[in-house]
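Trainee: Got a structure for you, written out below as structure tokens; questions coming shortly.
Only the coordinates and a few stated rules stand behind these numbers; no lab work does. Just so you know, these numbers come straight off a predicted model, no measurement behind them.
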Amino acid sequence: MVVASDRKHLFSWGCNDECQLGREGEEETPLPVPLALEADETVEQLITGSCHAAVRTSQGRVFCWGTYRDSKGILGWSNDVKKQATPTAIHFPRGVAIVDVCCGENHTLALAKDGALYGWGSDEQGQLVFHMPEAMKKRALVPHAICFREGRKRATQDDFEESVEVVIAGQQRKSTVLSDHEKQVVSYHEIGHAIVAARQKGSAPVTKITIVPRTSGALGYTMQVEEDERFLTTRQEVLDKLAVYCGGRAAEELIFGEMTTGAANDIEQATKLARNMVTRFGMSDEFGMMALGTVQNAYLNQDTSLTCAPGTAERVDAIVAKLIEDAHDRALQILKENKFKLHELARYLYKKETITGEEFMNLLTRENPLMPKQQ
């Protein structure tokens, strides 16, 4: 389904997979979409989903047409294909002005000027995400106000930050109870990552550190976010990132004199990055600008498979192991030089469980009279 607009008129062509937009036989011909705009009203935003479209006007009104589908049939519109091809006004509470619209696979979200969020439709698996039983019976498109945590009706910055973290690490799993020793180990592990990152010029700033377990299986994580959007990475920056990956395991070894399984994901990521340095990025002295692998899934996890002789693969493995070993030694050295701060910050994180990047940097750079003088 394709939709175009000159801000006063709408045109559409194509259809969805089941030809339920009233367009059978005319899919290639743009046809006008009957949109009931007022004299001084214009189209400000035009968004399309796979089987439906939404329009936001200059007066903050929203119109939708197409189909939403769940396991029981069409949501919101009747089975008449002609009605599905006609934009329907979405009726929000009185006084609500919409400033942004987003179409998902089978649902639509609308953000109001006062920060309230409304949604209607279903999710990709056909499960209703907005509870409107009476509206569904009447086949009406009634937006449902989404309630946020703690019963709030407005989104805050914390809500948006939490949504990013859910994508990265999953939901908080507060039912997981760590023993006192495990909690200490995780605290030192995460602070190890953060200190190594902060003491290197090429590393992204630390924005958050937490030891609250997540549904992904992570018992904690250290979040780094670049200050500006980046598209290129230098060899030194890649080496710095390798050292950050090794910081957690290095902290465990330095403080507890033992290894744990908590570094499993770090090891996987470090190995993948080091291998890409050799096989894809041309960042090894031995092979230089020679491609030794091909990307298997360019749009998914970008796994690389080697395209070289077995003997060459063994040399690649040796170089990868050396890169990781050097990064581990570098991380260990940084932590030895900052051992006092490692103890101080790990105890602080142990008590608070979650700290911001600002808190971390303030404590890391603050002078402590008990800290031994550098030789």
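Trainee: Taking amide H atoms as placed 1.01 Å from N in the peptide plane, list the residues 5 or more away in sequence, or in a different chain, whose amide H sits under 5 Å from that of Asp100.
Mentor: Leu111
Trainee: Sticking with this structure for a sec: Using amide H atoms built 1.01 Å from N in the peptide plane, name the residues 5+ places from Trp65, or on other chains, whose amide H lies under 5 Å from its own.
Mentor: Close amide H contacts, sequence-distant or interchain: Ala53, Thr88.
Trainee: Hey, another quick one. Could you tell me the relative contact order of the range 218-273? Use alpha-carbon pairs under 8 Å, at least six residues apart, and round to a whole percent.
Mentor: It comes to 34 percent, rounded to a whole number.
Trainee: Could you give each residue of the range 308-325 its phi-based ³J(HN,Hα) in whole Hz, using Karplus coefficients 6.51, -1.76, 1.60 with θ = phi - 60°, and x for Gly or Pro?
Mentor: 3J(HN,Hα) across the range 308-325, in whole Hz: 8, 5, x, x, 5, 4, 5, 5, 4, 4, 5, 5, 4, 4, 5, 4, 5, 4.
Trainee: Now, a different point. With θ set to phi - 60° and the Karplus curve 6.51 cos²θ - 1.76 cosθ + 1.60, what are the ³J(HN,Hα) couplings of the range 173-181 in order, to the nearest whole Hz, using x for Gly and Pro?
Mentor: 10, 6, 6, 7, 10, 8, 5, 4, 5
Trainee: Ok, one more. Could you list which residues have their amide H under 5 Å from that of Gly293, counting only those 5 or more apart in sequence or on another chain, with H placed in the peptide plane?
Mentor: Amide H to amide H, under 5 Å and 5 or more residues apart or across chains, Gly293 pairs with Thr307.
Trainee: Which links in Lys272/Lys352; Lys241/Lys336; Lys241/Lys272 stretch past 21 Å when you go from one Cα to the other?
Mentor: The pairs that break the limit, which is 21 Å between Cα atoms, are Lys272/Lys352.
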